[in-house]
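J.: Structure in structure tokens, see below.
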Amino acid sequence: MKILIKNIKTIVRANPATDGKVGGKEMATLPCINDGWITTEGHIITGVGEMKEGLPIESHFDHIINAEGQFAFPSWCDSHTHIVYVGSREGEFVDRIKGLSYEEIAKNGGGILNSAEKVNKASEDELFESARARLHEIAMHGTGAVEIKSGYGLSFDGEIKMLKVIQRLKHHTDMTIKATFLGAHAIPLKYKQNRQEYIDLLINEMLPFIGYEKLADYCDVFCDKVFFTPDETDAILKAAAQYGLIPKIHANELDYSGGIQIGVKNNALSVDHLEYTGDEEIRVLMNSATMPTLLPSTAFFLGLKYPPARKMIDAGLPIALASDYNPGSSPSGKMPFVLSLACIKMKMLPEEAINAATINSAYAMGLNTTHAAIKAGLRANIFLTYPMPHYNYLPYSFGSDLVHTVIIGGKLYKTGKDVT
């Protein structure tokens, strides 16, 4: 399929000078082209230019989109989700309203353990169909690449089942999917009195099988209060590295856990959550290639304090944004709302938030050289907004669905009436 998009009011992240991460003051720079056009063929962007330079020959294209008044964005890269699950946890939502904390719910067998029980009872087909529906949902909000974690199995069979579902999803969508093994999401109830036995299961049985079958790209550990200690995290990540699994970490969501330091020590691609980030954590991150990834919709939903994004950026760090879409602490994968929260609650500029949800989140998935910009040769993951006055309007208008047209892998998924 060959597509021409013409009369675009503004192309956002157009022809950037670098495909690396952006940090500090650079995050406020957003390369754009006004009054432009884009061409795609197959799954690749083939051209980007200005209308005043002249258009390619229109008869050469299968679809022509007149995007007058509209903005073109590279699709969001959502680098932290848990969308393979069944059921919901609105009961815990009410428990929190009544005053129970996230940690108290977890200690009572709720939270992650609640979802794990449901996942272990579900069939692979049931998990696949529910996750595929969520993939479609997030695509309609502009997401074109997504990382999906296991972690609701918490048993050999359950974790492998989840990872097989993620592999199956890769073959049934044009979205780019990265798979993460998160067996170290929580200690199952049966191992509460012998947590080392579960860690041994992770290291000696799950990881070798996952590595041999190539079921995951990354290995994640929930290094935080109530969950896994820094020493346990270190041991799991070192074992995972032997099987080619790149480290990622849930860190410092509930307290100063030492997770950031352990992540950097193990060359983690990203450390995620980071509500508790101080001067020492910032110093450690400044001297690393690890991407700090913030999940503001989790802080919003759980009533936690927000990560100190402004302090981190002002210190020179890069920031990525992701949705943390999951049934317990962030039951939404709507990335435009994540950007709104980043601007409203964490005082990020719209330009910073857009870069965080595109190039920096792509970096956190190892996709920064192929995704997250509108440039010839990159993957044709693009969305068009409804007509709007400025790209600032996207995070400003937090309750509106502003995604008009979705193109993923060069295929039209959601179209307005201006497609011929």
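The values are calculated or read from the model by the stated rules, or taken from the named source; none is laboratory data. These numbers were taken from a predicted model, which means no experiment stands behind them. In this analysis, Cβ positions are derived from the backbone assuming ideal geometry, glycine residues included, and neighbour counts consider all displayed protein chains. Accessible surface areas use protein heavy atoms only, side chains included; no ligands, DNA or RNA. Shrake-Rupley method; radii C 1.70, N 1.55, O 1.52, S 1.80 Å.
J.: Taking segment 1-104, which trypsin sites (Lys or Arg not before Pro) meet the DSSP loop condition and have no more than 10 other C-beta atoms within 10 Å? Display every interim value, and only then the final one.
T.: Details: sites: K2, K6, K9, R13, K21, K25, K52, R89, R96, K98; in loops: R13, K21, R89, K98.
Within segment 1-104, the qualifying trypsin sites (Lys or Arg not before Pro) (loop, at most 10 other Cβ atoms within 10 Å) are K98.
J.: For the pair R310 and A17, what calculated FRET efficiency results from E = 1/(1 + (r/R0)^6), where r is the Cβ-Cβ distance and R0 = 25 Å, to the nearest 0.05? List each step's numbers first, then the result.
T.: On the way: r = 25 Å, r/R0 = 1.01.
Once the sixth-power term is evaluated, E becomes 0.50.
J.: Can you give me the solvent accessible area of D324 with a 1.4 Å probe, rounded to the nearest 10 Å²?
T.: Approximately 0 Å² of D324 is accessible to the 1.4 Å probe.
J.: Would you please give the FRET efficiency between K238 and E58, computed as 1/(1 + (r/R0)^6) with r the Cβ-Cβ distance and R0 = 45 Å, to the nearest 0.05? Show your work: numbers first, answer last.
T.: Values: r = 57 Å, r/R0 = 1.26.
Efficiency, rounded to the nearest 0.05: 0.20.
J.: To continue, here is another question. Once you charge only the Cβ atoms, +1 for Lys and Arg and -1 for Asp and Glu, what is the size of the charge dipole of segment 8-85 about its Cα centre, to the nearest 20 debye? Numbers along the way, then the final one.
T.: Working: 5 positive and 10 negative charges, 73 e Å.
With Lys and Arg at +1 and Asp and Glu at -1, about 360 debye.
J.: Only loop residues by DSSP count here, and only those with at most 14 other Cβ atoms within 10 Å; note down the GluC sites (Glu not before Pro) in segment 250-324 that meet that. Don't skip to the end; give the middle numbers.
T.: Numbers: sites: E253, E275, E280, E281; in loops: E253, E275.
When the GluC sites (Glu not before Pro) of segment 250-324 are filtered for loop state and at most 14 Cβ neighbours within 10 Å, nothing remains.
J.: Around H80, which amide H atoms from residues at least 5 apart in sequence, or from another chain, sit under 5 Å from its own amide H, with H modelled in the peptide plane?
T.: E147, S323, D324
J.: In addition: What is the distance, in nm, between label points placed 7 Å from the Cα along the Cα-to-Cβ direction at R195 and at L412?
T.: About 5.4 nm separates the two model spin labels.
J.: Can you show me the helix-derived [θ] at 222 nm for the chain, built from DSSP H runs with n ≥ 4 at -39,500 (n - 2.57) apiece and divided by the number of residues, rounded to the nearest 500.
T.: Numbers: 16 runs with 137 residues, N = 420.
Computed ellipticity for the chain at 222 nm equals -9000 deg cm²/dmol.
J.: Using the charge dipole of the chain (Lys, Arg: +1 at Cβ; Asp, Glu: -1 at Cβ; taken about the Cα centre), state which of G111, I33, A239 has its Cα farthest towards the positive end.
T.: After comparing all options, I get I33.
J.: Now, a different point. Once a ≥ b ≥ c are taken as the square roots of the eigenvalues of the Cα gyration tensor of the chain, is the result rounded (a/c under 1.5), prolate (a/b larger than b/c) or oblate (a/b not larger than b/c)? Mind dumping the intermediate values first?
T.: Details: a/c = 1.85, a/b = 1.61, b/c = 1.15.
Prolate is the answer for the chain, as a/c is 1.5 or above and a/b outweighs b/c.
J.: Counting only protein heavy atoms and a 1.4 Å probe, tell me what percentage of the chain's accessible area is made up of carbon and sulfur. Each step should come with its number before you reach the end.
T.: Numbers: 8040 of 15640 Å².
Carbon plus sulfur share of accessible area: 51 percent.
J.: Place a +1 charge on the Cβ of each Lys and Arg in segment 225-375 and a -1 charge on the Cβ of each Asp and Glu, then give the dipole magnitude about the Cα centre in debye, rounded to the nearest 20. Working shown, then result.
T.: Details: 12 positive and 14 negative charges, 71 e Å.
Computed about the Cα centre, the dipole is about 340 debye.
J.: Provide the gained length on full extension for the span K345 to E68, in nm with one decimal, where the gain is 0.36 nm per separating residue minus the Cα-Cα distance. If you can, show how the numbers build up before the last one.
T.: Details: separation 277, 0.36 × 277 = 99.72 nm, distance 3.22 nm.
So the chain would gain 96.5 nm between K345 and E68.
J.: Dipole magnitude of the chain about its Cα centre, charges +1 at Lys/Arg Cβ and -1 at Asp/Glu Cβ only, in debye to the nearest 20? All intermediate terms of the calculation are to be shown ahead of the outcome.
T.: Details: 41 positive and 48 negative charges, 78 e Å.
Once rounded to the nearest 20, the dipole reads 380 debye.
J.: Then there is this: For the chain, return all DSSP H helices satisfying: extent of Cα atoms along own axis at least 20 Å; mean Kyte-Doolittle hydropathy at least 0.0.
T.: On the way: long enough: 124-139 (22 Å, -0.64); 156-170 (22 Å, -0.11).
None clear 20 Å together with a mean of 0.0.
J.: I want to check the label-to-label distance for E26 and Y396. Put each point 7 Å from Cα in the C-beta direction and report it in nm to one decimal.
T.: It is 2.9 nm.
J.: Same structure, new question: Given labels modelled 7 Å from the Cα in the Cβ direction, how far is it in nm from E280 to E137?
T.: 3.9 nm
J.: What does the accessible area per residue of the chain come to in Å², with a 1.4 Å probe and no ligands, DNA or RNA counted? Walk me through the intermediate numbers first.
T.: On the way: 15640 Å² over 420 residues.
Dividing the accessible area of the chain by its residue count gives 37 Å².
J.: Past the 15 angstrom mark, what percentage of all C-alpha to C-alpha distances in segment 107-212 do you count? Show your work: numbers first, answer last.
T.: Numbers: 3544 of 5565 pairs.
The answer is 64 percent, as a whole percent.
J.: Here is a further query. Under the Karplus relation 6.51 cos²θ - 1.76 cosθ + 1.60, θ = phi - 60°, what is the ordered set of whole-Hz ³J(HN,Hα) values for segment 322-327, x standing for Gly and Pro?
T.: Couplings: 8, 8, 6, 3, 7, x Hz.
J.: I would also like to ask the following. Need the full-extension length gain, E103 to E205, defined as separation in residues times 0.36 nm minus the C-alpha distance. One decimal, nm. Before the final figure, lay out the partial values.
T.: On the way: separation 102, 0.36 × 102 = 36.72 nm, distance 2.86 nm.
Working it through step by step, the gained length comes to 33.9 nm.
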